[in-house]
Each structure stands twice: as structure tokens, then as C-alpha cells.
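Trainee: First the structure, then my questions, so here it is.
The values are calculated or read from the model by the stated rules, or taken from the named source; none is laboratory data. Just so we're clear, the structure is a prediction, and the values are computed from it rather than from any experiment. So basically every Cβ, Gly included, is an ideal-geometry build from the backbone, and we count neighbours across all protein chains shown. Note: areas computed on protein heavy atoms with side chains; ligands, DNA, RNA excluded. Shrake-Rupley method; radii C 1.70, N 1.55, O 1.52, S 1.80 Å.
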Amino acid sequence: MPRLSYRRALTRALADELARDEAVFLLGEDVQVGASMVTTGLAKRFGVDRVRDTPLSEQAFTSFATGAALAGLRPVIEFQIPSLLFLVFEQIVNHAHKFPLMTGGQCAVPVTYLVPGSGSRTGWAGQHSDHPYSLFAHVGVVTVVPATPADAYGLLVTAIRHDDPVVVFAPAGAMDLRDDVDDLSPVPLGRGRIHRNGCDVTVVAIGHLVHDALAVADELAGQVSVEVFDPRTLYPFDIDGLTESVARTGRLVVVDDGNRSCGMAAEIITSVLERVRLLAPPRRVTRPDGAVLPFAPALDRAVQPGRDQLATAIHLTMKDA
């Protein structure tokens, strides 16, 4: 089985889709030189007409991509910094997302918004370390957060082929992960994945936190049997798959690298509580309310959800039963 990094899986997905479909093209700031190390070599292979550097105006090239999609192309935009999505929220949500709905399906807007390195990168501080996936899930834009190289490939391929806008968050904490991958294939939207079976508590982990959850599950193996559920897609969310898991374990902990208030963790917990009677109160491990990540590395890490917090939450939900 070949070893593949998460970052190279994204590159492979882009290359395969550029080769498969001439309607696909890539645009963004410094994509030709591969500043993010995700688009490296693609301009040389596919040409600068299909791998296009853009001016430093996110609103302009995001609107350009919407027009190109309406004209029948399949643009993929790379955003180097997750906070840039705040600049183009209006273009994505009010235009690209709503055009098919407000025309009764008479048009399609197949744009993929790729954010390689979303979340905290050491020392990038407050304006570069957000993880705003809950905003897009809230408004109904298809939102995916792959945790593994295979899912990074499969979900990005599916996003590019999808006829509606899709935001793909590739967490900074996962970019350098490597794994044995024997099958690269599209991954369906709205279908979660159980990475580890357990019978005492279900831990829902988003993105790179899946690997923290698996490490904690290993540490607690002699005390608690932990099932690790990876939603992969935040909208649409695999609530049926999660409900089946929680119905077996009776307990729920969610670890989410977003701010606590109005975050994905709260939505996941509420959705489960509407369907399953739990044996103990659910717990969530998140960034604090209104968190803005500091520049200082120690403070940066202190604001993010970590393994110790997750282990504590698991112990508390077992104790509360």
C-alpha cells in the first residue's frame, strides 16, 4: 500500500479532476507557484489557462468563479487563509448558493472552495486561525472537513463533481498526516465514518481532531470503550449514522475546533437528544466562546480543544451515568 500525505492527496484529487474534465479549472492567489504546496506542479502540467493566478481581490475572483460556473465550467478556488471566507461570505451564500434555489433549479453553480490549512497554524494569530465551517453549515452550503488522506482525496473529488457550491476545509492539523492508502475513490457526501468501534461512549470528532480522539481512545482502552465517529460532511450531516452509534453506547461527547457558542458541537448534541435518550448528559470540547487565537504559541494551544480536555469529558460522562 502506498504512503500518501493529506496534502498530496489534495494535489492528486485536483490533478485527477483537471485531467478527467476540461471544464475544471483552478484559480487563486499564487496557485501557479504552489504557495500552499497543494497546487505544486499543476500549472506546468495543465497550463496557466487552467491554473490561474488571481489579483489580490477575493470578492472579485469569487464572483468571477460564480459566473464561470453559470456558464458551464467547474472552478475550484483555493483560499490560502480561512479568514478570507469572511470577505466572500456574501458572494458564496447570497449568490452562488442561492441562484439554483431561487431559479427553481434552472441553473447550477458547481464551484468548489478549498481551504488548505484551515484552523490554527503555529503563530499565525487571530486573523489567520479561524475554522468557520459552522457558518456555512448553518446557511445550508455543502460543507466537508476530511480527516484522512483517503477522505481528503475522495471528498474533494466529489465536491468538484457536485453541481452545487461546496466548501472543503482541510485542517492545518491534518495537512502533514500520512497514511497507507490502497484505494483512492470518491467519497459520498452526507455519510459519516466510524474509525473505531466502542460500546461505552460515542465521541464525535471533526477534522484533524479525529486523530486526537483515536489517541485518547487508545489511552483509555482499559477503562472506557470509546467509539469514534467522524461525520466527514457537516452539511449534509449523517445524523442517522450518528444516531445508530449513540443508541448503542448511550453516551455522547463532541470535540469541535470551533467556538463554543452556536457551534457544530451544540448542533450535533441537540440533534442527537431529539432522537435518543442518553444514559448521561452529553459533553462538548471546543474553543471558548468568542475565541480569537493569540499569536503566542502556548496561548494558541491553550485556546484549542486538546486531548486532556477530551479525556476529562469522557470520564465525566461516564461518571454522570
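Trainee: Search the range 224-262 for residues being part of a loop (DSSP other than H, G, I, E, B) and at pLDDT below 95, and hand back the single one that is nearest to Val166 (Cα to Cα).
Mentor: Going residue by residue through the range 224-262, those that are part of a loop (DSSP other than H, G, I, E, B) are 224-225, 231-232, 236-238, 250-251, 260-262.
Within this subset, residues satisfying the condition of being at pLDDT below 95 are 260-262.
Details: Arg260: 24, Ser261: 24, Cys262: 21 Å.
Among them, the one singled out is Cys262.
Trainee: Would you mind finding the one in Thr243, Thr286, Thr233 that is open to solvent by less than 10 Å² (accessible area, probe 1.4 Å) and polar (S, T, N, Q)? Give the steps one after another, and end with the answer.
Mentor: Working: Thr243 fails: open to solvent by less than 10 Å² (accessible area, probe 1.4 Å); Thr286 fails: open to solvent by less than 10 Å² (accessible area, probe 1.4 Å).
It is Thr233.
Trainee: On to the next question. Quick check on my filter: what residues within the range 209-223 are open to solvent by 40 Å² or more (accessible area, probe 1.4 Å) and not in a helix (DSSP H, G or I)?
Mentor: Listed by number, the residues that qualify are Ala221, Gly222, Gln223.
Trainee: Quick check: is even one residue across the range 178-187 outside any loop (DSSP other than H, G, I, E, B) and under 22 Å from Arg287 (Cβ atoms)? Steps first, please.
Mentor: Restricting attention to the range 178-187, the residues satisfying the condition of being outside any loop (DSSP other than H, G, I, E, B) are 178-180.
If we keep only those that are under 22 Å from Arg287 (Cβ atoms) too, we end up with none.
No, the range 178-187 contains no residue that is outside any loop (DSSP other than H, G, I, E, B) and under 22 Å from Arg287 (Cβ atoms).
Trainee: Can I ask one more? Quick one: would you say Arg284 is basic (Lys, Arg) and assigned to a strand (DSSP E or B)?
Mentor: Values: basic (Lys, Arg): yes; assigned to a strand (DSSP E or B): yes.
So Arg284 passes the test.
Trainee: Consider Leu293 carefully, then state whether it is touching an Asp or Glu at 6+ places or on another chain (Cβ under 6 Å), over 23 Å from Asp218 (Cβ atoms) and open to solvent by less than 40 Å² (accessible area, probe 1.4 Å).
Mentor: In short, yes.
Trainee: Sticking with this structure for a sec: If we keep just the residues of the range 9-63 that are acidic (Asp, Glu) and modelled with pLDDT under 95, which is most open to solvent (accessible area, probe 1.4 Å)? Spell out the reasoning first.
Mentor: Filtering the range 9-63 for residues acidic (Asp, Glu) gives 16-17, 21-22, 29-30, 49, 53, 58.
Adding the requirement that they be modelled with pLDDT under 95 leaves 29-30, 49, 53, 58.
Values: Glu29: 21, Asp30: 77, Asp49: 114, Asp53: 67, Glu58: 14 Å².
Restricting to residues being acidic (Asp, Glu) and modelled with pLDDT under 95, the top hit is Asp49.
Trainee: If you take the residues in the range 278-321 that are closer than 15 Å to Gly250 by Cα and out of contact with any strand residue (DSSP E or B) (no Cβ under 7 Å at 6 or more places or on another chain), which one is modelled with the lowest pLDDT?
Mentor: Here the answer is Ala321.
Trainee: Considering only the range 76-93, how many residues are open to solvent by less than 70 Å² (accessible area, probe 1.4 Å) and over 14 Å from Phe64 (Cα atoms)?
Mentor: We begin by selecting, within the range 76-93, every residue open to solvent by less than 70 Å² (accessible area, probe 1.4 Å); these are 76-85, 88-89, 91-93.
Right, trim to over 14 Å from Phe64 (Cα atoms) and you get 79-85, 89, 93.
So the answer is 9.
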